[in-house]
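*Asks:* Handing you this structure, nothing more for now.
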Amino acid sequence: MLKGDLVRLRALEPEDAEMIHPWLSDPEVGQWMNNSHPRSLAQVRKRAEERPVNSYELVVLGIETVADGRLIGIVDLRDAEPEVGNAELDIYIGDAEYRNGGGYGTEALRLMCRYGFNSMRLHMITLWVVAENERARHVYRKVGFSEDGRHREAFVAMDGERHDMILMSMLKGELKS
């Protein structure tokens, strides 16, 4: 378990499906994600029960508040390659109460990057973000990610509109506290 002042990161449990399910139908959460098809609670439970064990290639952790142990989001490092020391990061805060400026996502991001660089011995962490998602881009820059490039019209929103994706990366030693 990785712990900060506001959040701790922990392995997800099958019973977390009940908390996660409503997030997947929240338009604010789904706006910038590739989750365009509705999922039933049974489907979310099944996925949670069949989730692979965390490994070097894929580490998926729940973001839980320190104050009351409430699950508020998910962060992962995936497609990790030990030969080159790279992995891709995904994060979202599903609980609306914790999305707006409280520092929960920022701290979770820092904890996961620190874990990637220190425990997994990664050299680079990358992520993709929709260009119009300025709130996320601000947080990523704040913790040390740099914008590396643009993939034009690579994201299709739920309304069918296309958006550019921004590739961001952070090298070991660039994490800002």
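The values are calculated or read from the model by the stated rules, or taken from the named source; none is laboratory data. As the structure is a computational prediction, the values presented were derived from the model and not from experiment. Because the Cβ atoms are built from the backbone with ideal geometry, glycine has one as well, and the counts that use them run over all protein chains shown. These area figures cover heavy atoms from the full protein model, side chains too; ligands, DNA and RNA do not enter into them. Shrake-Rupley method; radii C 1.70, N 1.55, O 1.52, S 1.80 Å.
*Asks:* Could you please find all residues in the stretch 46-68 being of a type in the set (A, V, I, L, M) and crowded, with 19+ Cβ neighbours inside 10 Å?
*Replies:* Across the stretch 46-68, the qualifying residues are Val59, Leu61, Ile63.
*Asks:* What are the residues in the stretch 157-177 that are aliphatic (A, V, I, L, M), in contact with a His (Cβ under 8 Å, 6 or more places away or on another chain) and either open to solvent by 70 Å² or more (accessible area, probe 1.4 Å) or modelled with pLDDT under 95 (or both), if any?
*Replies:* Ala157
*Asks:* Confirm whether Phe155 is touching a residue at least 40 places away in the same chain (Cβ under 8 Å) and in a strand (DSSP E or B).
*Replies:* yes
*Asks:* What tally of residues in the stretch 121-140 results from selecting those that are basic (Lys, Arg) and under 16 Å from the mean Cα position of the chain (by Cα)?
*Replies:* Count: 2.
*Asks:* Here's a follow-up. All but one of (1) open to solvent by less than 70 Å² (accessible area, probe 1.4 Å); (2) under 28 Å from Met165 (Cα atoms); (3) of a type in the set (Gly, Ala, Ser) hold for Ala42; which doesn't?
*Replies:* That leaves (2) as the condition not met.
*Asks:* Can you pull out the residues in the stretch 36-82 that are closer than 16 Å to Glu13 by Cα and basic (Lys, Arg)?
*Replies:* Selection gives Arg45, Lys46, Arg47, Arg51, Arg70.
*Asks:* Determine if the stretch 106-126 includes at least one residue that is surrounded by fewer than 18 Cβ atoms within 10 Å (Cβ to Cβ), in contact with a helix residue (DSSP H, G or I) (Cβ under 7 Å, 6 or more places away or on another chain), of a type outside the set (Val, Ile, Thr) and closer than 24 Å to Leu6 by Cα.
*Replies:* Checked the stretch 106-126: no residue is surrounded by fewer than 18 Cβ atoms within 10 Å (Cβ to Cβ), in contact with a helix residue (DSSP H, G or I) (Cβ under 7 Å, 6 or more places away or on another chain), of a type outside the set (Val, Ile, Thr) and closer than 24 Å to Leu6 by Cα.
*Asks:* Hey, could you check the stretch 1-15 for residues that are in contact with a helix residue (DSSP H, G or I) (Cβ under 6 Å, 6 or more places away or on another chain) and closer than 26 Å to Ser55 by Cβ and say which is modelled with the lowest pLDDT?
*Replies:* Ranking the qualifying residues of the stretch 1-15, first place goes to Pro14.
*Asks:* Considering only the stretch 114-152, state which residues are modelled with pLDDT of 95 or more and of a type in the set (D, E, K, R).
*Replies:* Arg114, Arg121, Arg137, Arg141, Lys142, Glu147, Asp148, Arg150, Arg152
*Asks:* Would you point out which residue out of Asn118, Asn86 is under 19 Å from Ala11 (Cβ atoms) and more than 13 Å from the chain's Cα centre (by Cα)?
*Replies:* Selected residue: Asn118, the only one of Asn118, Asn86 that is under 19 Å from Ala11 (Cβ atoms) and more than 13 Å from the chain's Cα centre (by Cα).
*Asks:* Of all residues in the stretch 87-105, which are open to solvent by less than 30 Å² (accessible area, probe 1.4 Å) and part of a strand (DSSP E or B)?
*Replies:* If the condition is that a residue be open to solvent by less than 30 Å² (accessible area, probe 1.4 Å) and part of a strand (DSSP E or B), then Ala87, Leu89, Ile93 are the ones that fit.
*Asks:* If I ask for residues that are touching a helix residue (DSSP H, G or I) at 6+ places or on another chain (Cβ under 6 Å), surrounded by 23 or more Cβ atoms within 10 Å (Cβ to Cβ) and not β-branched (Val, Ile, Thr), which ones from the stretch 69-86 would you list?
*Replies:* Once the filter is applied, which keeps residues that are touching a helix residue (DSSP H, G or I) at 6+ places or on another chain (Cβ under 6 Å), surrounded by 23 or more Cβ atoms within 10 Å (Cβ to Cβ) and not β-branched (Val, Ile, Thr), the stretch 69-86 yields only Leu77.
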